[in-house]
Amino acid sequence: MELKGLLEAGGVGWGLLILALILTLLFHHILFFSLQRLALQTSNLLDDLIIRHIRSPARLLFISLVLQLSFPLPEGLKAPFHHGATLLFIVSVVWIFIEGARLLEELVLIRYPLGVKDNLLARKIYTQVRVLKRIIIVLSIFLGLSLALLTFPKIRQIGISLLASAGLLGLILGMAAQKTLAGLIAGFQLAVTQPIRIDDVVIVDGEWGRIEEITLTYVVVRIWDERRLIVPINYFLERPFENWTRVSAELLATVYIYADYSLPVAPVREALYRILRSSPLWDGRVWGLQVTGTTEKTLELRALMSASDSSAAWDLRCEVREKLLSFIQKEYPHCLPKVRAEIKNESQG
């Protein structure tokens, strides 16, 4: 009954509030509609992205600012009403920072696309921005939550009294946040030193894969057979691993062929060059064929070739291995590995 009386007493105030909200939403719609029309007339994508990312948090910001105005509301509702408006304002500001971080990431992807062939610089910058975006989001939410809690007098007094009487709360929070802070520091260190980047080719625990995602606490490695290896972010700062694209994506690939001693090497070398020259996977930098080993039964031939990246190197190895074997089978079938044995006739002699 008391709440009903308060609502009836502030009928004019509620009416003005509803009218103000309607006018605010109408102003927001007209403003961003006009801005979008202006943005479509330019060739710059930045203004389109800003409007798209800022539209929703700006609506909430406008509403929170309107709610801060003084309306003739009942005295018992003014304090909680303005408190709720303050919370909405904090949420809208945090939302703007989060959308700003996402806008930054999207701008980097447009400026430095990852889908190009030589994307070393793009992967380097994108990795830094990706980690920076996550740090901004976490810090924005943390600061927003802290400011929101400070608006509650009872919680603020309890926290101040606990901190004044003993440092127990700080100790507990510090212990609880130890791993989180370590992850944040490791993520920041990873973004600066960059032992890995998005789309890097790595060997982790004997698994070949590409860096698919870097978060503040873990890294996702996409294995060649579509499995995902989840690795703690500290792993890449504390343990050795292979990074095949640290400086460049170019690789040298090798194929080993085992044949009989009677195989002439020069024709096989010429066949290798013809195979590489006709293959789009070979980048034309390096090639060669050498006898790198001998056993009591076979020769070891090593075919060396270069490729633009690890995927092309794998496919090129398979192609060269298959075609070299076909060449030897067709031209020198008697030179394939064979087992020799000496048969002694016991009846003689």
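The values are calculated or read from the model by the stated rules, or taken from the named source; none is laboratory data. This structure is a prediction, so every number in the text was calculated from the model and none was measured. Here Cβ is always computed from backbone atoms with ideal geometry, including for glycine, and neighbour counts include all displayed protein chains. In case anyone asks, the SASA skips ligands and DNA or RNA and just uses the protein heavy atoms, side chains included. Shrake-Rupley method; radii C 1.70, N 1.55, O 1.52, S 1.80 Å.
Just one of the numbered conditions (1) over 26 Å from Lys338 (Cα atoms); (2) assigned by the TED database to the domain that holds Ser326; (3) open to solvent by 60 Å² or more (accessible area, probe 1.4 Å) is not true of Ser279; which one?
So the condition that Ser279 fails would be (3).
Mind checking which pairs have a first residue in region 98-109 that is assigned by the TED database to the domain that holds Tyr126 and a second that is open to solvent by 60 Å² or more (accessible area, probe 1.4 Å), Cβ under 8 Å, 6 or more apart or different chains?
Once the first residue is assigned by the TED database to the domain that holds Tyr126 and sits in region 98-109, its partners that are open to solvent by 60 Å² or more (accessible area, probe 1.4 Å) give Ile98/Ile141; Ala101/Leu132; Leu103/Ile50; Leu104/Leu132; Leu107/Leu46.
Have a look at Leu87, Leu73, Leu77, Leu114 and point out the one that is in the same structural domain as Phe142 (by the TED database) and at pLDDT 75 or above. Before the answer, list the steps.
Numbers: Leu73 fails: at pLDDT 75 or above; Leu77 fails: at pLDDT 75 or above; Leu114 fails: at pLDDT 75 or above.
Just a single option satisfies the conditions, and that option is Leu87.
For region 215-251, which residues satisfy the criterion of being among the hydrophobic types (A, V, I, L, M, F, W, C) and exposed (fewer than 13 other Cβ atoms within 10 Å of the Cβ)?
Keep residues of region 215-251 that are among the hydrophobic types (A, V, I, L, M, F, W, C), which gives 216, 219-221, 223-224, 229-231, 233, 236-237, 241, 244, 247, 249, 251.
Ile230, Val247 - these are the residues of region 215-251 that are among the hydrophobic types (A, V, I, L, M, F, W, C) and exposed (fewer than 13 other Cβ atoms within 10 Å of the Cβ).
Determine whether Arg302 is at pLDDT 90 or above and out of contact with any strand residue (DSSP E or B) (no Cβ under 8 Å at 6 or more places or on another chain).
Values: at pLDDT 90 or above: yes; out of contact with any strand residue (DSSP E or B) (no Cβ under 8 Å at 6 or more places or on another chain): no.
So Arg302 fails the test.
Of the residues that make up region 129-143, is at least one without any contact (Cβ under 8 Å) to a residue 60 or more places away in the chain, among the polar types (S, T, N, Q) and out of contact with any strand residue (DSSP E or B) (no Cβ under 7 Å at 6 or more places or on another chain)? Outline the logic, then answer.
Going residue by residue through region 129-143, those that are without any contact (Cβ under 8 Å) to a residue 60 or more places away in the chain are 129, 132-133, 136-137, 139-143.
Filter again for among the polar types (S, T, N, Q), leaving 140.
Okay, now just the ones that are also out of contact with any strand residue (DSSP E or B) (no Cβ under 7 Å at 6 or more places or on another chain), so 140.
Yes, region 129-143 has at least one match.
Of all residues in region 19-59 being polar (S, T, N, Q) and free of Cβ contacts under 8 Å to residues at least 24 places away in the same chain, which is surrounded by the fewest Cβ atoms within 10 Å (Cβ to Cβ)?
So in region 19-59, the residues polar (S, T, N, Q) come out as 24, 34, 36, 41-44, 56.
Checking which are free of Cβ contacts under 8 Å to residues at least 24 places away in the same chain leaves us with 34, 36, 41-44.
Numbers: Ser34: 10, Gln36: 14, Gln41: 7, Thr42: 10, Ser43: 4, Asn44: 8.
Looking at residues that are polar (S, T, N, Q) and free of Cβ contacts under 8 Å to residues at least 24 places away in the same chain, I get Ser43.
Listed residues Leu336, Leu304, Leu299; which is in contact (Cβ under 8 Å) with a residue 12 or more places away in the chain and crowded, with 18+ Cβ neighbours inside 10 Å?
On the way: Leu336 fails: crowded, with 18+ Cβ neighbours inside 10 Å; Leu304 fails: crowded, with 18+ Cβ neighbours inside 10 Å.
Testing whether each residue is in contact (Cβ under 8 Å) with a residue 12 or more places away in the chain and crowded, with 18+ Cβ neighbours inside 10 Å leaves just Leu299.
Name the one entry in Glu319, Glu331 that is open to solvent by 70 Å² or more (accessible area, probe 1.4 Å) and touching a helix residue (DSSP H, G or I) at 6+ places or on another chain (Cβ under 8 Å). Steps first, please.
On the way: Glu319 fails: open to solvent by 70 Å² or more (accessible area, probe 1.4 Å).
After applying the criteria, what remains is Glu331.
For region 135-145, check the following and say yes or no: at least one residue is among the hydroxyl-bearing types (Ser, Thr, Tyr) and modelled with pLDDT of 80 or more. If you could, list the steps in order and put the result at the bottom.
The initial filter retains those residues of region 135-145 that are among the hydroxyl-bearing types (Ser, Thr, Tyr), namely 140.
When the remaining residues are screened for being modelled with pLDDT of 80 or more, the result is 140.
Among the residues of region 135-145, at least one is among the hydroxyl-bearing types (Ser, Thr, Tyr) and modelled with pLDDT of 80 or more, which makes the answer yes.
Quickly run through region 278-297 and pick out the residues that are of a type outside the set (D, E, K, R) and either under 12 Å from Tyr256 (Cα atoms) or not in a loop (DSSP other than H, G, I, E, B) (or both). Outline the logic, then answer.
Here is the first cut: in region 278-297, the residues of a type outside the set (D, E, K, R) are 278-282, 284, 286-295.
Scanning region 278-297 gives Trp282, Gly284, Val286, Trp287, Gly288, Leu289, Gln290, Val291, Thr292, Gly293, Thr294.
Please list, ordered by residue number, the strands (runs of 3 or more DSSP E) wholly in region 197-253 having 1 or more residues that are touching a residue at least 40 places away in the same chain (Cβ under 8 Å) and under 21 Å from Tyr126 (Cα atoms). Don't jump to the end; show me each part of the working.
Values: elements: 201-204, 207-214, 218-223, 228-232.
Once the strands (runs of 3 or more DSSP E) in region 197-253 are filtered for at least 1 residues that are touching a residue at least 40 places away in the same chain (Cβ under 8 Å) and under 21 Å from Tyr126 (Cα atoms), what remains is 201-204, 207-214.
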